[in-house]
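Participant: Here it is, the structure in full.
The values are calculated or read from the model by the stated rules, or taken from the named source; none is laboratory data. Given the structure is predicted, the values throughout are model-derived calculations rather than measurements. So basically every Cβ, Gly included, is an ideal-geometry build from the backbone, and we count neighbours across all protein chains shown.
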Amino acid sequence: MFWRMCWMMIGILAPMVVAILIAKQGRAQTTEEESEQTNEQEETRQLVALVNDAAKLVATSGEVAFQDFRKDGSKWRQGETYIFVLDPSGKMVVHPDPELEGKNEMGLKDVNGKPIVKGLVDAAMSLPEKPEGWYHYEWPVPGGLLPRWKSSYVRLVTAPSGERYIVGSGMYNDRMERAFVVDVVKEAAGQLEAHGKSALELFHDPTGPFLAKDTYVFVYDMKGRNLALPAFPNLEGRNLIDLKDSQGKFYLREMLDVVNTKGSGWVDYMWPKPGESVSTEKSAFVTKARMGNQWVLVGSGVYLAEAPKAAQAGKAMTAPELMALVRAGAAVLEKEGEKAYSEFRTKGSQWLNDKTYFFVVTMSGRGVFHAADPSLEGVSIADAKDVLGRPYGKWYIETASSAEGEGWVHYMFPEPGGVFPAWKSAFVKRVTYPSGKQYIAGSAVYNMQMDRALIKDVVNRASALVAERGPAAFEQLRDKTGPFHFMNTYVFVDDLDGVDLVNPGHPGLEGKNMMDVKDVNGKPVMKALIETATKDGGWVDYMWYKPGSNQPARKESFVRRVQFGDETYIVGSGLYVETD
């Protein structure tokens, strides 16, 4: 009986042991594979080597090494690259700025509210089995004003004295490395295993470590149901196992196969960048993690450098063209009223085609006509919001109820039959039917090319608000879920002395005098904006950084002078011009 029981136990345990060995072997292979391909840029490899050498020096020589780290022109401090040292409490031990040394900087935050020092400390200490990591935040280059993406690599090290230190260095780079992605996935998997479902909230926190540049963490259960997708929250809770990318690949099935057979690995597919609806080639690192009593797939991806985007379906209508179309349609509706609806439902007509369709709602927001989706007729949009929380239904009503009776509303919404939210620009107009009843008529274009007409519209509306409310309007202009912030466009306000008062794209500049700031070509930007605005208003061209980008781009800004009491303000907005 004893030997029979032994053989039974062997029969039960043997497959488990084999499975564990296979899993370990798979992880070992993946780790070796990761080490070969994660650091693609020479700059990244050099930075990691520099931090590792500095950590070894602290581990062997202790605090004596700090004097070497402080020497300008040494291996440890050259130009924008330098070694810094923190202690676990957040005190700055070594830094190029002597004013920071000896101070506790745990509360230091970047322009988006991300805690910089806390993030660096957590990257090296939050997971005991992982005493190193990357952290990404926005910070100006030494001597600069505009914040740029910075990626810092840190290591936890113990000196011979027994004291623990976080040794690190950073580089200014808005491109995500594969190494960064592997690091963030491992950190996310560790949080899921340590905290279960409550960790899912961390992946949505814009001030946390899991949202940086164009990278985010996603989580699926093993059947394909999405549990976290911060860039496309409208897909959370949906089973995406049958979703194909733009090339017809069942990307999620392949991801699940990778984690089930190897434990972790890379999968290439086409996927939109956050805020876009057109797919770009992407490579995602995925791994298996235990979340409570279930296994989940956790991953993150890097958009491949210079990778082609999926082709857009035809050229979108321009802003002036859509405005002309809506005004023409409004004239027909004012003449014929409800009788015109059959004409507006005719496919292939100017009113209904592959690119545009008309809709009509009451002044209270209830749908009465929708050429593309009749099921929306009778449905109220008064309280409707998009995936970003933008109350587009309310804006329809406010725009049509304004003195002008027409205007633009911008929000994110999936195209008919699609799943990815795309920027939708609607032009709406108040119309009066023959019955005397007023309605809101409009049409919209997805992924509309940013146009000067849109910029002038948003500046005129912002100027009217500032002229009416003065500084009390500034918070509304800063609101990223409000009507003055869409795509990569925002409204800025300056005074005549050159002080930045409102700047949602670069909030760290608010309160600073920008009069002497020049663009990369030496053009005094603020002086040009003030000079143009104080005349008759108009356009100013210059080179500027897009929010979240480290590369300057050509920008055209429209500015106006606005008077509120005795105060004069410069109100403006701009578009970034794509160049070949």
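Participant: Go through the range 228-266 and give me each residue that's more than 20 Å from Val185 (Cα to Cα) and of a type in the set (D, E, K, R).
Facilitator: Selection gives Arg238, Asp242, Lys244, Asp245, Lys249.
Participant: For the range 515-537, give me each residue that is at pLDDT 95 or above and among the acidic types (Asp, Glu).
Facilitator: Correct list: Glu531 only.
Participant: Additional query: Mind listing just one residue for me: the one in the range 434-449 that is in contact with a strand residue (DSSP E or B) (Cβ under 7 Å, 6 or more places away or on another chain) and surrounded by fewer than 18 Cβ atoms within 10 Å (Cβ to Cβ) and, of those, farthest from Ile397 (Cα to Cα)?
Facilitator: Asn447
Participant: With the requirement that a residue be in a loop (DSSP other than H, G, I, E, B) and over 14 Å from the mean Cα position of the chain (by Cα), what does the range 206-239 give you?
Facilitator: Met222, Lys223, Gly224, Glu236, Gly237, Arg238
Participant: Given the conditions (1) polar (S, T, N, Q); (2) loosely packed, with under 14 Cβ neighbours inside 10 Å; (3) in contact with a His (Cβ under 6 Å, 6 or more places away or on another chain), and given that Ser402 satisfies all but one, which numbered condition is not satisfied?
Facilitator: Every listed condition holds for Ser402 apart from (3).
Participant: Continuing with the same structure: I'd like to know if the range 194-208 contains one or more residues that are among the acidic types (Asp, Glu), more than 30 Å from Pro98 (Cβ to Cβ) and buried (at least 16 other Cβ atoms within 10 Å of the Cβ).
Facilitator: no
Participant: Test Val64 against the stated conditions and say whether it is in a helix (DSSP H, G or I) and under 22 Å from Arg178 (Cβ atoms).
Facilitator: No; evaluated as a whole, the condition is false for this residue.
Participant: Suppose we keep only residues that are in a strand (DSSP E or B) and β-branched (Val, Ile, Thr) within the range 240-295. Which one would you say is nearest to the chain's Cα centre (by Cα)?
Facilitator: In this case the residue turns out to be Thr280.
Participant: Continuing with the same structure: Residue by residue through the range 169-192, note down the ones that are in a helix (DSSP H, G or I), in contact with a Gly (Cβ under 9 Å, 6 or more places away or on another chain) and either modelled with pLDDT of 95 or more or among the charged types (D, E, K, R) (or both).
Facilitator: Once the filter is applied, which keeps residues that are in a helix (DSSP H, G or I), in contact with a Gly (Cβ under 9 Å, 6 or more places away or on another chain) and either modelled with pLDDT of 95 or more or among the charged types (D, E, K, R) (or both), the range 169-192 yields Asp183, Val185, Lys186, Glu187, Ala188, Leu192.
Participant: Only one residue in Met323, Met363, Met317 is modelled with pLDDT of 95 or more, of a type outside the set (Ser, Thr, Tyr) and under 31 Å from the mean Cα position of the chain (by Cα), so which one is that?
Facilitator: Met323
Participant: Do you know which of the residues in the range 547-579 that are in a strand (DSSP E or B) and polar (S, T, N, Q) is surrounded by the fewest Cβ atoms within 10 Å (Cβ to Cβ)?
Facilitator: The extreme case among them is Gln563.
Participant: Exactly one of (1) at pLDDT 95 or above; (2) touching a strand residue (DSSP E or B) at 6+ places or on another chain (Cβ under 6 Å) is unmet by Arg390. Its number?
Facilitator: If we test Arg390 against (1) at pLDDT 95 or above; (2) touching a strand residue (DSSP E or B) at 6+ places or on another chain (Cβ under 6 Å), just (1) comes out false.
Participant: When you look at Lys355, is it more than 27 Å from Gly436 (Cβ to Cβ), out of contact with any Ser or Thr (no Cβ under 6 Å at 6 or more places or on another chain) and either surrounded by fewer than 16 Cβ atoms within 10 Å (Cβ to Cβ) or at pLDDT below 95 (or both), yes or no?
Facilitator: Details: more than 27 Å from Gly436 (Cβ to Cβ): yes; out of contact with any Ser or Thr (no Cβ under 6 Å at 6 or more places or on another chain): yes; either surrounded by fewer than 16 Cβ atoms within 10 Å (Cβ to Cβ) or at pLDDT below 95 (or both): yes.
When the stated conditions are applied, Lys355 passes them.
Participant: Further, regarding this structure: Might you check whether a residue that is out of contact with any Pro (no Cβ under 6 Å at 6 or more places or on another chain), under 27 Å from Gln449 (Cβ atoms) and at pLDDT below 90 occurs anywhere in the range 560-571?
Facilitator: No, the range 560-571 has no match at all.
Participant: Quick one: which residue in Val332, Val361, Val428 is over 22 Å from Met450 (Cα atoms) and in a strand (DSSP E or B)?
Facilitator: Sole residue among the options that is over 22 Å from Met450 (Cα atoms) and in a strand (DSSP E or B): Val361.
Here's the yes/no breakdown for (1) of a type in the set (Lys, Arg); (2) modelled with pLDDT under 95; (3) assigned to a loop (DSSP other than H, G, I, E, B); (4) not assigned by TED's automatic domain parsing to the domain that holds Glu276:
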residue: Ala384; (1), (2), (3), (4): no, no, yes, yes
residue: Ile397; (1), (2), (3), (4): no, no, no, yes
residue: Ala403; (1), (2), (3), (4): no, yes, yes, yes
residue: Gly436; (1), (2), (3), (4): no, no, yes, yes
residue: Gly442; (1), (2), (3), (4): no, no, no, yes
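Participant: Please go through the range 364-382 and give me each residue that is touching a Ser or Thr at 6+ places or on another chain (Cβ under 8 Å) and assigned to a strand (DSSP E or B), ordered by number.
Facilitator: Answer for the range 364-382, where residues must be touching a Ser or Thr at 6+ places or on another chain (Cβ under 8 Å) and assigned to a strand (DSSP E or B): Arg366, Gly367, Val368, Ser380.
Participant: Look through the range 143-168, keep the residues that are in a strand (DSSP E or B) and either more than 26 Å from the chain's Cα centre (by Cα) or assigned by TED's automatic domain parsing to the domain that holds Asp500 (or both), and return whichever of them is nearest to Phe84 (Cα to Cα).
Facilitator: Among them, the one singled out is Val167.
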